[in-house]
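Take a look at the structure set out below.
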Amino acid sequence: MTHYKNNKFLELQLRRGKSRRDFFEYQYEGAEGTLEQMRKFTDVNEKQILDLGCGYGGGSAYLACNGLKITAVDNHQYDKKFLKDAITFANKKGAEARFCQADAHHLPFKDDIFDIIRLDSVFEHLKEPEIALSECRRVLKSGGLLFISFPLFYSPYGGHIDDYIKIPWFHVLPDKFVCRIIRRRKSKPGLVTTSYVERLYLSLNKMSLKKYKRLVRKCAFKELHFEETYFMPHDISLFINHLKKALADRSLTQTRKTFTYFNLASFVEFIFLYFLYRLPAPLKRRWREFITSGIRAVLS
C-alpha cells in the first residue's frame, strides 16, 4: 500500500533504519496508500480508528493529520522512552493521536467502540493470532472494518532478514542455524542491527496463507476484499522507484545515478523474482504459499 510519488519518500527509504525519527518519517509518508484504501471502502472522516501495532507511530500520525480519530497502540516497541519519542514526533506534525502501550491479545478497551482497525505488518508477529483477531472482533463496532496486511512466512523473503541475508527462503531453515548466520554479519549502524533483525525473525509466528484463511473463518470475519501482493527487497525496490522517477523526469543524469543502487547480486535477485512472480497461473496457484509475498485484505 506504499506509494512512491515523491523524492522525499525515496530518500526516506534510504535512511529509514538510521534513527527512530527517520523511521517515523518513513511510516508517515508511506501511510498515504493506507488512507486511500480506507476511503475506497468507507467514509473515514470522524471515525474512531485503532492502529494496532503502530510501531514508530508515523502512520498513525499521518492518519490523524488527515481527519481520523486515532488510538495508536503497540506493545513490544513501547518502552517509556520510545512512547515519549512517538508522542513528540506526532505532536511536531500536529497530529492529535492517542498513543498507549497495550497487548493485542488483551486490549484495554470496551466492546464495540472502533469503526476501523488497522493491522499493518503486525499479524505475522502475534504469539496468539486467533486471540488477537477475537479481540479485534470484540472492540470493532457492528459493520466496522478491519484492514489487514502482512507478509507470508513461506514467501521468498518472509523471514524479515533480507537486510542481512538475501538468499530466498533461507529463513525456513532451522531457527538456530538462521540466527547463527545473522550474528556472523557485521552489524549496520542505526536501528536495524543484527540483534534487531534476529529478534524480529524470532518474533515471527510463521503465518501461512492457509492458516490465515482458517483463522478469519474461525473468528467469524467476512472478507470484503482480498489480494495477494508481491515483494521486492528494499534495494531492488529502491532501484526500480528511482529509475521510474528518473525516466518520468527524462533525466539521463539521474538515470545513470540510479544504477549506483544496483549491484550484481541485486540484478540476479531481481531477475529471479521477476520470473518467479510471472509464472503461469496454474503453477502460481499450486505453489502460491511459496510465491505470494503477502496479503492485503479488508474484513468485516
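So what's the back-of-envelope 222 nm ellipticity for the chain, counting only DSSP H runs of four-plus at -39500 (n - 2.57) apiece and dividing by all residues, rounded to 500? Write out the running numbers ahead of the final one.
Values: 14 runs with 136 residues, N = 300.
My calculation for the chain gives -13000 deg cm²/dmol from helical runs alone.
Under a cut-off of 23 Å between alpha-carbon atoms, report the lysines in cross-link reach of Lys245, not counting same-chain residues fewer than 8 places apart.
Lys5, Lys8, Lys257
Report the antiparallel proportion of the DSSP beta bridges in the chain as a percent, rounded to a multiple of 5.
Details: 13 of 32 bridges.
Restricted to the chain, the bridges split so that about 40 percent are antiparallel.
Non-local amide H neighbours of Phe99 (under 5 Å, H modeled in plane, Pro and chain starts lacking H): which ones?
Sorted by chain and number, the residues that satisfy this are Ala72.
Could you tell me whether segment 69-144 comes out rounded, prolate or oblate from its Cα gyration tensor? Rule is a ≥ b ≥ c as square roots of the eigenvalues, rounded for a/c under 1.5, then prolate if a/b exceeds b/c, otherwise oblate.
Values: a/c = 2.24, a/b = 1.41, b/c = 1.59.
Note, shape of segment 69-144 comes out oblate.
May I ask you to list the lysines whose Cα is less than 21 Å away from that of Lys211, ignoring any residue fewer than eight positions away on the same chain?
The qualifying lysines are Lys127, Lys222, Lys284.
Place the peptides 52-63, 203-214 in order of packing, highest mean first, counting for every residue the other Cβ atoms within 10 Å and averaging per peptide.
Details: 52-63: 27.4, 203-214: 15.7.
Descending mean neighbour count gives 52-63, 203-214.
Beyond a 18 Å Cα-Cα separation, which of these cross-linked pairs lie in this structure: Lys110/Lys213; Lys40/Lys213; Lys69/Lys141?
Pairs exceeding 18 Å: Lys110/Lys213; Lys40/Lys213.
Grab the Cα-Cα distance for Asn66 and Lys222, subtract it from 0.36 nm times how many residues apart they are, and report the gain in nm with one decimal.
Working: separation 156, 0.36 × 156 = 56.16 nm, distance 2.76 nm.
Difference between extended and current length: 53.4 nm.
Can you tell which of Gly58, Leu243, Gly30 lies farthest toward the positive end of the dipole of the chain, using +1 and -1 charges on the Cβ of basic and acidic side chains (Lys, Arg; Asp, Glu)?
Working it through, the farthest residue towards the positive pole turns out to be Leu243.
Considering the convex hull of the alpha carbon atoms of segment 158-201, report its projected area averaged over all viewing directions, in nm², one decimal. Don't skip to the end; give the middle numbers.
Values: hull surface 10.8 nm².
In nm², the orientation-averaged hull projection of segment 158-201 is 2.7.
So who's got an amide H within less than 5 Å of the one on Ser19, skipping anything under 5 residues away but keeping other chains? H placed 1.01 Å off N, in plane.
Those qualifying (amide H under 5 Å, at least 5 residues apart or on another chain) are Leu191.
Here, each number is a calculation from the coordinates, and none is a lab measurement. The model shown is predicted, which means the values in this text are computed figures rather than measured ones. We place every Cβ from the backbone using ideal geometry, glycine too, and count neighbours over all the protein chains shown.
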